[in-house]
Every structure is written in structure tokens, then in C-alpha cells.
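Working notes for the structure below.
The values are calculated or read from the model by the stated rules, or taken from the named source; none is laboratory data. Just so it is clear, the model here is predicted, and its values are computed rather than measured. Note that each Cβ is placed from the backbone with ideal geometry, even for glycine, and that neighbours are counted across all protein chains shown. To get the accessible areas, we keep the full protein, side chains included, count just its heavy atoms, and leave off ligands, DNA and RNA. Shrake-Rupley method; radii C 1.70, N 1.55, O 1.52, S 1.80 Å.
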Amino acid sequence: MPRFKQRIDQALGERQDQGLYRQRTCLTRTALQTMGPDGAMINFSSNDYLGLAQDPELISAWQEGLSQYGAGSGASPLVTGFQTPHQELEALLADWLGFDRALLFSSGFSANQALLFSLLQADDFLLQDKLNHASLMEAGSLSPATMRRFPHNDMQVLQRLLKRSDAAAGDRLVVTEGVFSMDGDLAPLAEIHTLTRAHQSWLAVDDAHGCGVLGEEGRGSCDFAGIRPDILVVTFGKAFGLQGAAILCDHGTAEYLVQFARHFIYSTAMPPAQAHALSTACRLIRRDQWRRDKLAELSALLSELVDPAIALQSTPTPIKPLIIGGSEQAVAVSTALRERGIWVSAIRPPTVPANSARLRITLTAAHSQADVKKLAHSMNEVIHGE
Ligand SMILES: *Cc1c(COP(=O)(O)O)cnc(C)c1O
């Protein structure tokens, strides 16, 4: 008798006992509002930082793409799935972000996995920030390389790990996020870049939360820090308002991934209409500096209005964590805010380290000053009432 059922029941029971049981909530999102089970909500939990997901220009671009190219790509990229809109998007990304090549993937999760699985061999060392995304951690631990994790943004430990592996037979790859998704802080990319150059290591940056938001024309964390990594991963589910991802790299690495990255070779190419819409998203991101300016303005307003006794983190990004600690308390605050029409999800372990459950508040260029005022006032009421 297989014991899957027993195993499943036990795992679910444990999650429930730990207060870590997760559930999806079905929402309806339109250009004007987000509807939750209790009515209209102001959504402060999306990653749609620039407000593009509901942007009329982007929506028309996708519709236009559908009329022009049809619904699906029909095949993987090496068969017949790579079409003119994909090629145009790759060229646009490479030019904008300053790399030889861009290679498209269906998701950031698969791009990260493709990168680490194809690049790393036994004898190699993979050095990762402890707070890197689950897709990077998982691929790293399953890869044949030796993975070492350094404490978040700890340059001394990174330097020590690089020194210690100087004599290694294989290569070194340092991987960090540009903007950390659950904390909203930045990696010290200039220092990391200097260290990797000094130790002949490659540097890969996952800029899922920085691209579009930081830097000149929204080029992201690396532009903001004045560096160019060997490999850059950008994802389209956040500031681009859509879905998908790209790996930016030199010509040889792109060719290598085309030959050997299984997530690329054996997966259906994104719909051409989506690639067409993504090219429009790139143009809007570059053109609309006002979206980044508005985020800065809303960010300043929030810090000004939230009671100083509330330990809301001040960050240079639209991600504003409020670390609460206990999972149940975090859920309680989230529920109390929801009763006031504010949607802020509680983020609990294992997504974040133990005892650091938090509210992850995110601002978007689609929020108004009135929305942010309502958020601040509700936080002041609810968190004082704790
Ligand atoms: C969201 C995210 C990913 C995954 O991207 P998807 O396109 O959603 O699969 C990868 N890395 C980081 C840092 C992310 O925040």
C-alpha cells in the first residue's frame, strides 16, 4: 500500500499546527479596484510596481499581438516557437540592458533553474546570499557544484568564501538578488562586483524586483550601482506587469544555453502576442520616468504618515516590510487591515526566516496619495491596538 495519503495528511497537519497553513484567496482585479471576499480592497501586496498590469497601452499591445500572431506559439523555441515578436523583444532587451544577448523563458523560476543547472559542474563553487529566491536555492542545492550560502549582504564572509575557494579546480559563481524580494533592500553590488573581479569569479544578478524600478530608464539595480554583471536575470511578472523572464549574457553563453538549457529547449515558447506586449512594456518602462517618480513620492508620504513607533523599514524600493515576528500576530494584523479595506498579505516562514513573519507592503505607481494615506492611518490604528 502506498503511503502517500498518510504522508500528505501528516504534512498538512503539521503546517496547520505551526500556524503556517497557506491558502489562496480568489480576487478580482480591474483597472479601478481589487475585489476580495469582503468587498473592495486597496491592494498593497502586488508586485505590479509600475502599474503596468492594468495599463491601457499595454493591454492594447497584447490585443494587437493576438490579432497579428494568434493565441499560442505552438512549439518550443528550437522547433517553431521562436518567432519575430520573440526576436524583437530579445533585441530590445539586449540593447536596453547593455548585453550581447537576451534569451526568453516562460518564468523567472525556470530561467534561474536553467542557468544554474546548465552552467555548474562538479568542482565548481556556487556562492549565494542566504536570502536568495527559492528557485536559486533549489537549483543550487540540486546542482553538482558545492553551494555555500553567505549571510545576507555579508561581504566579509563572501570574501572569505572566495579566498578559500581560490585554489578550487572548478569555477566560481556568485549569485545575488539585486533587490531582495521580502526585505526591499539592495545588494551591495559594487562591492560584490569588485570581489568577484578580484577572485576571477562570475557574478549573476537576479533583478526580478529591481528592473523597471531602479536606475536610468529603469535599467535596474546593476545600472543603479554602476556595474555590469556577467549574467543578469530579469523577470516580467513584476514591474513589467506581465509574465515570463529573460537571461542576459554574452553571445557564447547564450549559444551555450540554447544548446544545453533543458528548461529552454523542452518548454513551449511564450505566446508571440505576449512577447509583442512585452516589447511595449519595455518601451513604457523606459519612457515613463513619472512612474518611478511617483513611487518615490508615495514612498516618502508613507514614511511621513506612519507612526514612528511602528518599525516599518525604510527602503529605496517600493517594498516596505514590517517585521512582526510571530506568524499568528502577522496574520492577525493582516486580517485587521483587511477589515479596513486594505489588502496586505502576511508572509510567513518558510518564505522568510523563522520568527520574522512580516507584512510585506508594496507600493505601485497605480496607487494614489489617498490610498497611501488610508494605508498609513489604518496601520496606525491597527498596530497601536495590538
Ligand atoms: C518572482 C521571482 C522569481 C520568479 O519569477 P517568476 O517569473 O514569477 O517565476 C525569481 N527570482 C526572484 C528574486 C523573484 O522575486
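Couplings 3J(HN,Hα) of region 14-30, computed from phi: 5, 4, 5, 4, 7, x, 10, 5, 10, 9, 7, 10, 7, 10, 10, 10, 10 Hz, in residue order, whole Hz [Karplus 6.51 cos²θ - 1.76 cosθ + 1.60, θ = phi - 60°; x for Gly and Pro].
Near Arg172, the amide H atoms lying under 5 Å from its own belong to Phe125, Trp202; only residues 5 or more places off or on other chains count, and H is placed 1.01 Å from N. Scanning residues 5 or more positions from Ile342 or on other chains, those with amide H under 5 Å from its amide H are Ile42, with H placed 1.01 Å from N in the peptide plane. Under the combined filter of DSSP loop state and at most 10 neighbouring Cβ atoms within 10 Å, region 1-103 retains these trypsin sites (Lys or Arg not before Pro): Arg3, Arg22, Arg24.
Rounded to the nearest whole Hz, the Karplus-based 3J(HN,Hα) values (6.51 cos²θ - 1.76 cosθ + 1.60, θ = phi - 60°) of region 340-350 follow the sequence 9, x, 10, 9, 9, 6, 7, 9, 10, x, x, with x at glycine and proline. Among the chymotrypsin sites (Phe, Trp or Tyr not before Pro) found in region 3-56, not one is both in a DSSP coil and sparsely packed, with 12 or fewer other Cβ atoms within 10 Å of its Cβ. Need one number: % antiparallel among DSSP beta bridges in the chain, to the nearest 5. If I count the DSSP bridges inside the chain, around 55 percent turn out antiparallel. With the Cα gyration tensor of region 116-250 giving a ≥ b ≥ c as the square roots of its eigenvalues, does the rule (a/c under 1.5 for rounded; else a/b larger than b/c for prolate; else oblate) give rounded, prolate or oblate? Prolate, because a/c is 1.5 or more and a/b exceeds b/c.
Note on Glu217/Gln313: beta-carbon distance plugged into 1/(1 + (r/R0)^6) with R0 of 30 Å gives a FRET efficiency of 0.65.
With Cα atoms defining each centre, region 4-41 and region 147-179 are spaced 36 Å apart in the structure. Averaging the Cα positions of each part gives two centres, and for region 209-230 and region 288-359 these lie 23 Å apart. Each label point was placed 7 Å from the Cα along the Cα-to-Cβ direction; for Lys163 and Asn355 their separation is 3.0 nm. Does region 1-127 come out rounded, prolate or oblate, given a ≥ b ≥ c as the square roots of the eigenvalues of its C-alpha gyration tensor, rounded meaning a/c under 1.5 and, failing that, prolate meaning a/b above b/c? Since a/c reaches 1.5 but b/c is at least a/b, the shape of region 1-127 is classed as oblate. Given axes a ≥ b ≥ c from the Cα gyration tensor, I'd like to know whether the chain is rounded (a/c under 1.5), prolate (a/b larger than b/c) or oblate. It is rounded, given that a/c, with a ≥ b ≥ c, falls under 1.5. Note on Trp290/Glu64: beta-carbon distance plugged into 1/(1 + (r/R0)^6) with R0 of 25 Å gives a FRET efficiency of 0.60. The residues of the chain present an accessible area of 46 Å² per residue when probed at 1.4 Å with all protein chains retained.
Ligands, DNA and RNA left out, the accessible area of region 56-287 computed with a 1.4 Å probe is 51% carbon and sulfur.
Here the extension length gained between Glu255 and Gln10 equals 83.6 nm, from 0.36 nm per residue of separation less the Cα-Cα distance. In region 104-122, whose amide N lies under 14 Å from the spot 7 Å out along Cα-to-Cβ of Leu78? List them in ranges. Label zone hits: 118. Applying a threshold of 28 Å to the alpha-carbon distances of Lys238/Lys294; Lys163/Lys320; Lys130/Lys373; Lys5/Lys238 flags Lys163/Lys320; Lys130/Lys373; Lys5/Lys238 as lying beyond it. 3J(HN,Hα) along region 250-256: 7, 4, x, 5, 4, 5, 4 Hz, from the Karplus curve 6.51 cos²θ - 1.76 cosθ + 1.60 with θ = phi - 60°, whole Hz, x for Gly and Pro.
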